[in-house]
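Please read the structure below before turning to the comments.
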Amino acid sequence: TKNMVIHRQGYVTKPNNPCFQAVVNSGTHPSSSSYIVYGSVDVNVGSHYNSSNGIFTAPVAGIYLFHISAIAKNDSSTVFRYYLRINNGNTGSGSDAHLRLDMNNDDSDYGPNASFTYYKYMNVNDTARVYYYADNNSATTYSNADYMKFAGHLVG
């Protein structure tokens with residue numbers, strides 16, 4: 001098998017480059033103060049994402065790009081927070097980088113949805129996963145229709 005191909009047109013393909021995308025199983029509504037398990041895998045090049053525990057493990061050191069998308073559940077008036085955690089610790093300046101969906105005083109409309117991307121240097125065997133927290137500490141998050149995604153790939 002080829003590890004990298006440079007095509008005449010200038011395209012570079014790396015068929016073994018670590019890459020994954022997974023979604024929360026439909027009908028599963030993760031609880032506040034818990035790690036989210038994205039049980040349905042769309043892409044998992046190298047099998048570095050574990051769909052039974054929601055953990056991506058870096059096979060090589062390098063810069064990875066992660067993506068989280070979510071939707072607030074419209075039956076709770078609270079703030080929904082989704083944290084990218086590396087080795088179970090929050091990321092970002094002040095360890096507070098996260099996707100925030102605000103449903104305060106607005107629980108009758110459709111829940112807002114959004115996405116969050118983050119570049120992060122990881123060492124070999126570092127782990128990445130998503131932690132969910134609702135400010136009221138009781139709201140479950142919505143998961144139907146592919147709204148809840150977690151993805152990542154090695155940039156270089």
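The values are calculated or read from the model by the stated rules, or taken from the named source; none is laboratory data. Predicted, not measured: the structure shown is a model, and the values here were computed from it. Every residue, glycine as well, gets a Cβ built from its backbone with ideal geometry; the counts of neighbours run over all protein chains shown. For accessibility, only protein heavy atoms count, side chains too; no ligands or nucleic acids. Shrake-Rupley method; radii C 1.70, N 1.55, O 1.52, S 1.80 Å.
Taking the Cα centre of the stretch 1-155 as origin, work out the dipole magnitude from +1 charges on Lys and Arg Cβ and -1 charges on Asp and Glu Cβ, in debye rounded to 20.
Details: 10 positive and 10 negative charges, 167 e Å.
Using Cβ point charges on Lys, Arg, Asp and Glu, the stretch 1-155 gives about 800 debye.
Which chymotrypsin sites (Phe, Trp or Tyr not before Pro) in the stretch 76-141 pass both tests, a DSSP loop state and at most 15 other beta-carbon atoms within 10 Å?
On the way: sites: Phe80, Tyr82, Tyr83, Tyr110, Phe116, Tyr118, Tyr119, Tyr121, Tyr131, Tyr132, Tyr133; in loops: Tyr110.
Those that pass, being in a loop and sparsely packed, are Tyr110.
Give me the percent of the accessible area of the chain that comes from carbon and sulfur atoms, probe 1.4 Å, all protein chains in place. Write out the running numbers ahead of the final one.
Values: 3690 of 8080 Å².
Whole-percent figure for carbon plus sulfur exposure: 46.
At 7 Å along the Cα-to-beta-carbon direction for both Asn90 and Val155, put a label point, then send me their distance in nm to one decimal.
So the two model labels end up 2.2 nm from each other.
Between the stretch 92-156 and the stretch 1-60, how many Å separate their Cα centres?
A separation of 16 Å, based on Cα centres.
With each label point set 7 Å from Cα along the Cα-Cβ vector, what nm distance links Val45 and Ala97?
Output for this residue pair reads 2.2 nm.
Using the beta-carbon distance between Tyr121 and His29 and R0 = 25 Å, what value does 1/(1 + (r/R0)^6) give for FRET efficiency, to the nearest 0.05? Display every interim value, and only then the final one.
On the way: r = 33 Å, r/R0 = 1.32.
Approximately 0.15, to the nearest 0.05.
Using only the Cα atoms of the chain, what do you get for the radius of gyration and for Dmax, in Å?
Cα only, the chain: 16.7, 57 Å (Rg, Dmax).
With every protein chain present, what is the per residue accessible area of the stretch 1-123 (1.4 Å probe, Å²)? Before the final figure, lay out each step's value.
Values: 6690 Å² over 123 residues.
Computed with neighbouring chains in place, this is 54 Å² per residue.
For a paramagnetic label modelled at 7 Å from the Cα of Asn137 toward its Cβ, which residues of the stretch 22-56 fall within the zone defined by backbone nitrogen distances under 11 Å?
33
Counting pairs on different chains as well as pairs 8 or more places apart, how many Lys pairs in the chain have Cα atoms under 24 Å apart?
On the way: Lys2/Lys14; Lys14/Lys120; Lys14/Lys149; Lys73/Lys149; Lys120/Lys149.
Pairs that pass both the separation and distance tests number 5.
Could you grab the Rg to Rh ratio for the stretch 41-127? Cα atoms only, Kirkwood for Rh.
Numbers: Rg = 15.2 Å, Rh = 14.6 Å.
Computed over Cα atoms, the ratio is 1.04.
Could you pull out every residue, at least 5 positions away or on a different chain, whose amide H is within less than 5 Å of the one on Met103? Hs are placed 1.01 Å off N in the peptide plane, and Pro or chain starts have none.
Amide H neighbours of Met103, under 5 Å, 5+ apart: Thr78, Val79, Phe80.
Of Val45, Ala22, Asn104, which is farthest along the charge dipole of the chain in the positive direction, counting Lys and Arg as +1 and Asp and Glu as -1 at C-beta?
Toward the positive end, the furthest listed residue is Val45.
Once the whole set of protein chains is in place, how much accessible area is left on Asp102, using a 1.4 Å probe, in Å² to the nearest 10?
That residue has around 70 Å² of solvent-accessible surface.
Looking at the stretch 1-65, which chymotrypsin sites (Phe, Trp or Tyr not before Pro) are DSSP coil and have at most 14 other C-beta atoms within 10 Å of their C-beta?
Values: sites: Tyr11, Phe20, Tyr35, Tyr38, Tyr49, Phe56, Tyr64; in loops: Tyr11, Tyr38.
Taking the stretch 1-65 and a limit of 14 other Cβ atoms within 10 Å, the loop chymotrypsin sites (Phe, Trp or Tyr not before Pro) found are Tyr11.
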